[in-house]
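The values are calculated or read from the model by the stated rules, or taken from the named source; none is laboratory data. Computed from a predicted model, the values in this text were never measured in an experiment. Cβ sites come from the backbone with ideal geometry, for glycine too, and all protein chains shown count toward neighbours.
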Amino acid sequence: MIYYIYDGSFDGLLTAIYESYYRRENPVKIFAENDFQQNLFIPKVHIKTHKKKAERVYNSIREKVSRNALRNIFYAYLSELPNVGTWIYDYIKLGFKVKEDIDKYLSDKRVSKIHKIAQRVRHERHLILGLIRFKKLENNIYYSQIEPKYNIIGLVSPHFAKRFSDQYWIIHDVKRKIGSIYNKKEWIIKDISSIKEAIKYDKNELLYQKLWVEYFINIAIKDRINPKLQMKNMPKRYWGYLTEKAYNSKEGVRTCKL
């Protein structure tokens, strides 16, 4: 019985899978460092991320199993669930046995679990795409805050790189303290934990926000306001970053959560 510990990166996870194969070991669990809880009685191996080894596993899955299986693995990885490394490992082992037919084994828990997790991540991406609100900064950069349940910032960035290809923008994942930064050519994900100190909005931005909230209030039909239905269609955890939800009935209009 042995545990593998990797650095939390996707390359790190693929490296751990590579090592298990070439060392002829069968780890009971594969954990990201941040998710690992010390156990004195079970041997553990810390896996050092190796890009070329990760690439070999990546290419093997794509060519010997399927591209769809590779997508499922990546989406599941983005869930950041504590045991997802182990579940992905089990799914991949089955994939190398049954090849491209793996996603037909829907009654197998190793397959159904990965499918369900990947689907939840896809759904989160779809929701966030419709929720992102950019606000103009003094330096003409457009800035947006999100706080998704899963790590989907890299999944939404290509959409906005195409849609707003002529603008500089930043999408800030507040929960993970990372940001996708676009320079009109390409986007890159970086740590931006200290960015709040540098955020200064364009002088007209707060005025536009206020006007939008007032419009949102005034078009509402009071007799048809249904908070329960709103929460069903749009979970409340997203409301803090929606300009049109940044008010309450007692205080009236106020600045949205920044």
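Consider F74 carefully, then state whether it is under 27 Å from Y21 (Cβ atoms) and either outside any helix (DSSP H, G or I) or at pLDDT 95 or above (or both).
Numbers: under 27 Å from Y21 (Cβ atoms): yes; either outside any helix (DSSP H, G or I) or at pLDDT 95 or above (or both): yes.
Considered against the rule, which asks whether it is under 27 Å from Y21 (Cβ atoms) and either outside any helix (DSSP H, G or I) or at pLDDT 95 or above (or both), F74 comes out as yes.
For the stretch 180-196, the criterion of being at pLDDT below 75 and either loosely packed, with under 14 Cβ neighbours inside 10 Å or within 22 Å of G130 (Cα to Cα) (or both) is met by at least one residue.
In the stretch 93-144, which residue that is without any contact (Cβ under 8 Å) to a residue 12 or more places away in the chain and hydroxyl-bearing (S, T, Y) is farthest from R62 (Cα to Cα)? The extreme case among them is S107.
Within the stretch 156-175, the set of residues being under 15 Å from the mean Cα position of the chain (by Cα) and surrounded by fewer than 17 Cβ atoms within 10 Å (Cβ to Cβ) comprises P158, H159, K175.
Taken over the stretch 159-180, the criterion of being touching a residue at least 12 places away in the same chain (Cβ under 8 Å) and outside any loop (DSSP other than H, G, I, E, B) is satisfied by H159, F160, A161, W169, I170, I171, H172, D173, I178, G179, S180.
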